[in-house]
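Undergrad: Below is the structure I would like to discuss, written out as structure tokens.
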Amino acid sequence: MKKSISILLLLLLLPVSAHAMAAGELAAKLQESYDKTADLRADFTQDSLVKAMNISRQGSGTLVIKKPGLLRYTYEKPDRQEIIVKGDELVMYMPESKQAVKRKLDRAAMDKTPATFLAGLGRITDSFKVNFPKAAQKDKAGNYILEMTPRGNGMGIKNITLTVDPATYGIKGFSFVEESGNVNAFALKNIRINQGVKDSAFDFKIPGGVKIITE
């Protein structure tokens, strides 16, 4: 009897553990934070792995988003490149090759396409199944890690992993694993939210002499 009382006292004296957040709860908080974000500017670094060739590549640049449906990646390294989304049109401009790709998008594709899901992000749980990684809910820096698996047609994407700020529930980074095994990981820094980004930030005129490829 004394032993049972001692165990009970020990349990009462132990600190109460923090509430263990479910993946769906984190997704809801992330959605709430995203809904309050009208625009965003950030610097990014990108690490890519081309699995078939076992080649790793690094890139960096700036990202600008304005809802609804405006997005611009400007790569400075390794080569200058522009990726611009305006509504249902995507333009990829590569100055060194003197080529530009123009492509029409639909909302379902924007939700799941690596370059555009931040601009087209609808209701997270409508487009994705959400889970925590088996290893841990958080990374070494204390950020939440949320795994998202596309529902239905994944547009060539196996899964997306988000790094989520535990204080603001904003996105600090994201990575994509393609069906081919290729991986693209983006880390965001110097994030500025709701600073009044103008529509003109997404204006872009393809220079003369550039070959335009329409898909």
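The values are calculated or read from the model by the stated rules, or taken from the named source; none is laboratory data. Note that the coordinates shown come from a computational prediction; the quantities given were computed from them, not determined experimentally. Don't worry about glycine lacking a Cβ; one is built from the backbone with ideal geometry, like all the others, and counts go over all protein chains shown.
Undergrad: If only one of 63, 30 is of a type outside the set (Phe, Trp, Tyr), crowded, with 16+ Cβ neighbours inside 10 Å, in a helix (DSSP H, G or I) and in contact with a Phe, Trp or Tyr (Cβ under 9 Å, 6 or more places away or on another chain), which one is it?
TA: On inspection, the qualifying residue turns out to be 30.
Undergrad: Here's a follow-up. For residue 53, only one of the following conditions fails: (1) of a type outside the set (D, E, K, R); (2) closer than 29 Å to residue 80 by Cα; (3) in contact (Cβ under 8 Å) with a residue 12 or more places away in the chain. What is its number?
TA: Among (1) of a type outside the set (D, E, K, R); (2) closer than 29 Å to residue 80 by Cα; (3) in contact (Cβ under 8 Å) with a residue 12 or more places away in the chain, residue 53 violates only (3).
Undergrad: Right, something else. With the condition kept exactly as written, say whether any residue in the stretch 155-171 is farther than 14 Å from residue 28 by Cα, touching a helix residue (DSSP H, G or I) at 6+ places or on another chain (Cβ under 7 Å), buried (at least 17 other Cβ atoms within 10 Å of the Cβ) and not hydrophobic (A, V, I, L, M, F, W, C).
TA: no
Undergrad: In the stretch 83-104, what residues are part of a strand (DSSP E or B) and of a type in the set (Asp, Glu)?
TA: 89
Undergrad: Find the residue count for the stretch 139-153, including only residues that are more than 14 Å from residue 27 (Cβ to Cβ) and either at pLDDT 90 or above or of a type in the set (A, V, I, L, M) (or both).
TA: 5
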